[in-house]
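Enquirer: Structure below; questions to follow.
The values are calculated or read from the model by the stated rules, or taken from the named source; none is laboratory data. It should be emphasised that the depicted structure is a prediction, and the values quoted were computed from it without experimental measurement. All Cβ positions, even for glycine, are placed from backbone atoms using ideal geometry, and neighbour counts span all protein chains on display.
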Amino acid sequence: MGRIIAAALLAGLAVAVSCGRPAARDEGRAGAGSETPAEPRRITFGAPIVDPARLRLGDHVGGLVVERIEANRGLDSTYTGVIVFRGGIELTGSVLPHFDSDVKTICFEVDTASAARLPRWPDDVRRPWFCFENDSTARRALGPPEARRRARIVVDRFTNAWAPTDVVNTARLVRVLETLP
């Protein structure tokens, strides 16, 4: 009985965590271009799923190399933690501010095609976005996040954090290839 309740709570938290994220401006949803999406965007298909129980340092996942793993197994047998991937990856998406209004950092939401290349934890249905760990470099290269524009970029050190709370993935901006209309 306790496992059923824990699983239900985690499922509810996963849905709650996926809500309230920055609005995507593609995908043809109602209210396109508005700040509030019609429903949470969930991108899970196509993305390489990492199994923290089997993952080892140096493993290759979707063209990236596992540099660090901090995985903890919960009482319900699910894993939480952080996985850092080494290697450059080209992504297309939109520049945006952090969803929490009191956090002043520049973030990036990847489009569907790019999301399919980013490694994900099992059951991770969050919207595919991250904030830049080198915020000042990203601001100089991409401008202020409030300007919301599309871009094609290269990042490395993609860090995927997973927990039943509000955690944010990060990456280091390497360069901006182009800004898009």
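Enquirer: List pairs: first in region 55-69 and on the phi < 0 side of the Ramachandran plot, second assigned to a loop (DSSP other than H, G, I, E, B) and of a type in the set (Lys, Arg), Cβ under 9 Å, 6+ apart or cross-chain?
Expert: The qualifying pairs are Leu64/Arg117; Val66/Arg56; Ile69/Arg56.
Residue-wise test of (1) under 24 Å from Leu57 (Cα atoms); (2) among the hydrophobic types (A, V, I, L, M, F, W, C).
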site: Val125; (1), (2): no, yes
site: Phe130; (1), (2): yes, yes
site: Glu133; (1), (2): yes, no
site: Ser136; (1), (2): no, no
site: Arg139; (1), (2): no, no
site: Pro144; (1), (2): no, no
site: Val155; (1), (2): yes, yes
site: Thr159; (1), (2): yes, no
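Enquirer: Oh, and also: Being touching a Phe, Trp or Tyr at 6+ places or on another chain (Cβ under 6 Å) and touching a residue at least 60 places away in the same chain (Cβ under 8 Å) is the filter here, so list the residues in region 70-92 that pass it.
Expert: Passing the criteria: Thr80, Phe85.
Enquirer: If I ask for residues that are touching a Phe, Trp or Tyr at 6+ places or on another chain (Cβ under 9 Å) and farther than 22 Å from Arg86 by Cβ, which ones from region 146-165 would you list?
Expert: Ala151
Enquirer: Would it be correct to say that Ala171 is of a type in the set (Gly, Ala, Ser), under 16 Å from the mean Cα position of the chain (by Cα) and at pLDDT 95 or above?
Expert: Considered against the rule, which asks whether it is of a type in the set (Gly, Ala, Ser), under 16 Å from the mean Cα position of the chain (by Cα) and at pLDDT 95 or above, Ala171 comes out as yes.
Enquirer: List pairs: first in region 135-149 and closer than 10 Å to Leu96 by Cα, second surrounded by fewer than 17 Cβ atoms within 10 Å (Cβ to Cβ) and among the β-branched types (Val, Ile, Thr), Cβ under 6 Å, 6+ apart or cross-chain?
Expert: Arg149/Thr179
Enquirer: Next question. Say we look at region 131-181 and pick out the residues that are out of contact with any Lys or Arg (no Cβ under 9 Å at 6 or more places or on another chain) and hydroxyl-bearing (Ser, Thr, Tyr); which of these is farthest from Trp121 (Cα to Cα)?
Expert: Ser136
Enquirer: To continue, here is another question. Has region 44-57 got at least one residue that is modelled with pLDDT under 50 and surrounded by 14 or more Cβ atoms within 10 Å (Cβ to Cβ)?
Expert: Checked against the condition, which is being modelled with pLDDT under 50 and surrounded by 14 or more Cβ atoms within 10 Å (Cβ to Cβ), region 44-57 yields at least one hit.
Enquirer: Output the residues belonging to region 125-155 that are part of a loop (DSSP other than H, G, I, E, B) and surrounded by fewer than 21 Cβ atoms within 10 Å (Cβ to Cβ).
Expert: Result: Val125, Glu133, Asn134, Gly143, Pro144, Arg148, Arg149.
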